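First the structure, then my questions, so here it is.
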Amino acid sequence: MKSNNKYAPLLNSMQMQQRKEMIECKMDTPLIPDKAFDLLPKLLQEGCNQFTVKRERDMFLLGALVLISGSLPNVYSVYDRKKVFCPIYAMVIAPPASGKGVLLDSMKYIESIQEYYSDKFKNQFNNYKLLSDLAKSDDTVKVPTKPVQRRFVIPANSSSAAFMKLLQNSNGEAIIFETEADSLSATLKNDWGNYSDILRKGFHHEPITASRIDDEVHIDIKNPKLALLISGTLDQVSAMKLDDPINGLQSRFLFYFFESLPRFKNVSPFNQSYNLTSFDKLGPQILAIYQFLELNEYEVRLTETQWHLFRKYFESKTDNLVKEYNLFFNSMVTRFGLIAYRLIMIMTTLRHYENGIPSSPIYCSNEDIRVVYHLMETFIQHGTSVFHLGQKSEKDLIMAQYMEFFKILPTNREFSRQEAIDLGTHLFSSATIDRRLNKLKKNGLLISNISGTYQKV
């Protein structure tokens, strides 16, 4: 039925304008603060100091962190009773020609490792050819096994089957790097179920297995360590379903998301503070760390006080952000905690190598925790902006009331049902408070004592 409301077009126009303004506000994302760069380990500072445009400096740092995260084998820690390693996932989202190409500069950190594996394979293949030729004319020479080339960086447009094979050949350790997210989104579209599953499992080092009867191939990667760095435009976020919190990939990513105003960059060599020789020094340093860590296992630890502050930081983020949005955002905050911890592991490892070869375990400094908190404040806001792109970002008022009720309950002491009713009477009826006390108990947030009192866990 056709609406008779003559104001409907005006109301629709106002609603569209309000949504545009909201999206514009969310896309006006913050920069990483200067004080974070001042606290970085020297190896990261050396690269970041080459950039005068702050957006480019931010993107370079994020790219460097992801690529280095995949270059620290055998650095581990214990998080939530599980052994975790350094690799992280990240995506830079920005319009075309907005400076995303600086991610290629961050590749300088791992170029020497790529050359190391390329040279290693050439030597192995030459020896294989030599022994194969000898075996043809000498029965005493054993026919050698053909060497398998290890790919340190795996192409994003590989099928899931090809990707798993390459990952297995690399002992489960690899980096996916792609400056055009279309390559990965096309693969996800054609092979979504398998590839998405691989990425989700890879983030948590969960075993990846597959069998193909037709060609008798069996894949068994027990402990994958996968880093992922991609960049693309806003449209590609939707194509990869990264605007949908339900599929589980969104919460595994750090995002850096911005809209740029049009400008023509001064590309003259007379305007460059860029020092190519400085970049050339980065790769050999990471290669030296990588080769040492190939043979030595290092555990990163926090002190009890640092763990307490870490928990308080993310408890606060959970309270504020989930209450502001809904339960879907809880998965992002939960995994922000794991990603932040992995960033702490990266910073700690690089910092210790500044002072020579460390002994294990290595303890995180308060300085490295501070720099990670500065970074996370920025990345959480960017992640919030990406969350707003989807259809699941509306505020859950009931969840917000639950969290507000839990917050006003007494801490570090027992309290009675009547005290809870007195505190929450402005929010709920007595019957509703009883139901919510019971639900908080079922979810492990409260315990009830024999005396009939409650206490926060």
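The values are calculated or read from the model by the stated rules, or taken from the named source; none is laboratory data. Bear in mind that the values here come from a model prediction, so they are computed numbers and not experimental data. All Cβ positions, glycine included, derive from the backbone under ideal geometry; neighbour counts span all protein chains shown.
Hey, among R351, R311, which residue is more than 29 Å from D244 (Cα to Cα) and in a helix (DSSP H, G or I)? Let's see the steps before the verdict.
Values: R311 fails: more than 29 Å from D244 (Cα to Cα).
Going through R351, R311 in turn, the sole match is R351.
Could you please find all residues in segment 424-457 being of a type in the set (A, V, I, L, M, F, W, C) and either within 15 Å of F406 (Cβ to Cβ) or modelled with pLDDT of 85 or more (or both)?
To start, the set of residues in segment 424-457 that are of a type in the set (A, V, I, L, M, F, W, C) comprises 427-428, 431, 433, 437, 440, 445-447, 450, 457.
Within segment 424-457, L427, F428, A431, I433, L437, L440, L445, L446, I447, V457 qualify.
Could you please let me know if I344 is of a type outside the set (F, W, Y), modelled with pLDDT of 95 or more, farther than 29 Å from M399 by Cα and in contact with an Asp or Glu (Cβ under 7 Å, 6 or more places away or on another chain)?
yes
Residue-wise test of (1) closer than 18 Å to F255 by Cα; (2) not hydrophobic (A, V, I, L, M, F, W, C).
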{"position": "D38", "(1), (2)": "no, yes"}
{"position": "N49", "(1), (2)": "no, yes"}
{"position": "M59", "(1), (2)": "yes, no"}
{"position": "L62", "(1), (2)": "yes, no"}
{"position": "L67", "(1), (2)": "yes, no"}
{"position": "V75", "(1), (2)": "no, no"}
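Restricting to segment 323-341, give me the number of residues that are under 13 Å from F253 (Cβ atoms) and either modelled with pLDDT under 90 or of a type outside the set (A, V, I, L, M, F, W, C) (or both). Lay out the reasoning, then the answer.
From segment 323-341, those under 13 Å from F253 (Cβ atoms) are 331-332, 335-336, 338-339; that's our starting set.
After this cut, where a residue has to be either modelled with pLDDT under 90 or of a type outside the set (A, V, I, L, M, F, W, C) (or both) as well, the list is 331-332, 335.
Result for segment 323-341: 3.
For every residue, the table says whether it meets (1) assigned to a helix (DSSP H, G or I); (2) over 16 Å from the mean Cα position of the chain (by Cα); (3) modelled with pLDDT of 90 or more; (4) surrounded by fewer than 22 Cβ atoms within 10 Å (Cβ to Cβ).
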| residue | (1), (2), (3), (4) |
| --- | --- |
| N157 | no, yes, no, yes |
| A161 | yes, yes, no, yes |
| M164 | yes, yes, no, no |
| Q168 | yes, yes, yes, yes |
| S185 | yes, yes, no, no |
| S211 | no, yes, no, yes |
| D220 | no, yes, no, yes |
| Q236 | yes, yes, no, yes |
| I246 | yes, yes, no, yes |
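Answer with yes or no whether G424 is on the phi > 0 side of the Ramachandran plot and either of a type in the set (G, A, S) or surrounded by 13 or more Cβ atoms within 10 Å (Cβ to Cβ) (or both). Spell out how you get there, then give the answer.
Details: on the phi > 0 side of the Ramachandran plot: no; either of a type in the set (G, A, S) or surrounded by 13 or more Cβ atoms within 10 Å (Cβ to Cβ) (or both): yes.
So G424 does not fit the description; no.
Among helices (runs of 4 or more DSSP H) lying entirely in segment 393-457, which contain 2 or more residues that are touching a His at 6+ places or on another chain (Cβ under 9 Å)?
none
Okay, moving on. Condition first: at pLDDT 80 or above and either more than 20 Å from S331 (Cβ to Cβ) or polar (S, T, N, Q) (or both). Now tell me which residues in segment 376-403 satisfy that.
The answer is T378, Q381, T384, S385.
Contact list please: Cβ distance under 7 Å, first residue in segment 338-350 and farther than 10 Å from M376 by Cβ and among the hydroxyl-bearing types (S, T, Y), second residue part of a helix (DSSP H, G or I) and modelled with pLDDT of 95 or more, pairs at least six apart or on different chains.
T348/D368
Let me ask something else. Taking the options G383, G356, G390, name whichever one is buried (at least 16 other Cβ atoms within 10 Å of the Cβ) and in a loop (DSSP other than H, G, I, E, B).
Details: G383 fails: in a loop (DSSP other than H, G, I, E, B); G356 fails: buried (at least 16 other Cβ atoms within 10 Å of the Cβ).
Every option except G390 fails the conditions.
Now, a different point. Among (1) loosely packed, with under 15 Cβ neighbours inside 10 Å; (2) modelled with pLDDT of 85 or more, there is one condition L228 misses while meeting the rest; what is its number?
Condition not satisfied by L228: (1).
If you go through segment 143-155 one residue at a time, how many are within 30 Å of V102 (Cβ to Cβ), touching a helix residue (DSSP H, G or I) at 6+ places or on another chain (Cβ under 6 Å) and assigned to a loop (DSSP other than H, G, I, E, B)?
Of the residues in segment 143-155, 4 are within 30 Å of V102 (Cβ to Cβ), touching a helix residue (DSSP H, G or I) at 6+ places or on another chain (Cβ under 6 Å) and assigned to a loop (DSSP other than H, G, I, E, B).
Give me the pairs: first residue in segment 246-259 and more than 19 Å from L65 (Cβ to Cβ), second residue at pLDDT below 90 and in a helix (DSSP H, G or I), beta-carbon distance under 6 Å, and six or more apart or on different chains, which are they?
The qualifying pairs are E259/M27.
Name the single residue that is farthest from I289 (Cα to Cα) among those in segment 93-112 being outside any loop (DSSP other than H, G, I, E, B) and among the small types (G, A, S). Reasoning before the result, please.
Kept after step one, since they are outside any loop (DSSP other than H, G, I, E, B), are these residues of segment 93-112: 93, 102-109, 111-112.
Retained after the next criterion (residues that are among the small types (G, A, S)): 106, 112.
Details: S106: 17, S112: 11 Å.
The qualifying residue farthest from I289 (Cα to Cα) is S106.
Looking at (1) modelled with pLDDT under 95; (2) of a type outside the set (F, W, Y); (3) in the same structural domain as T303 (by TED's automatic domain parsing), which is the one condition that is false for V75?
Result: V75 passes all but (1).
A follow-up question, please. Of the conditions (1) part of a strand (DSSP E or B); (2) in contact with a Lys or Arg (Cβ under 6 Å, 6 or more places away or on another chain); (3) not acidic (D, E), A90 fails just one. Which one is it?
Of (1) part of a strand (DSSP E or B); (2) in contact with a Lys or Arg (Cβ under 6 Å, 6 or more places away or on another chain); (3) not acidic (D, E), only one is false for A90: (2).
Hydrophobic (A, V, I, L, M, F, W, C), touching a Pro at 6+ places or on another chain (Cβ under 9 Å), surrounded by 12 or more Cβ atoms within 10 Å (Cβ to Cβ) and outside any loop (DSSP other than H, G, I, E, B): is that true of V371 in this structure? Steps first, answer last, please.
Working: hydrophobic (A, V, I, L, M, F, W, C): yes; touching a Pro at 6+ places or on another chain (Cβ under 9 Å): yes; surrounded by 12 or more Cβ atoms within 10 Å (Cβ to Cβ): yes; outside any loop (DSSP other than H, G, I, E, B): yes.
Judged against the criteria, V371 is a match.
Also, quick follow-up: Which one is nearest to V148 (Cα to Cα) among residues in segment 96-119 that are surrounded by fewer than 14 Cβ atoms within 10 Å (Cβ to Cβ) and in contact (Cβ under 8 Å) with a residue 24 or more places away in the chain?
Here the residue is L104.
Answer with yes or no whether S331 is closer than 25 Å to Y79 by Cα and more than 18 Å from the chain's Cα centre (by Cα).
Numbers: closer than 25 Å to Y79 by Cα: yes; more than 18 Å from the chain's Cα centre (by Cα): no.
So S331 does not fit the description; no.
Of the residues that make up segment 113-129, is at least one within 30 Å of S251 (Cβ to Cβ) and under 20 Å from the mean Cα position of the chain (by Cα)?
No, the conditions are met nowhere in segment 113-129.
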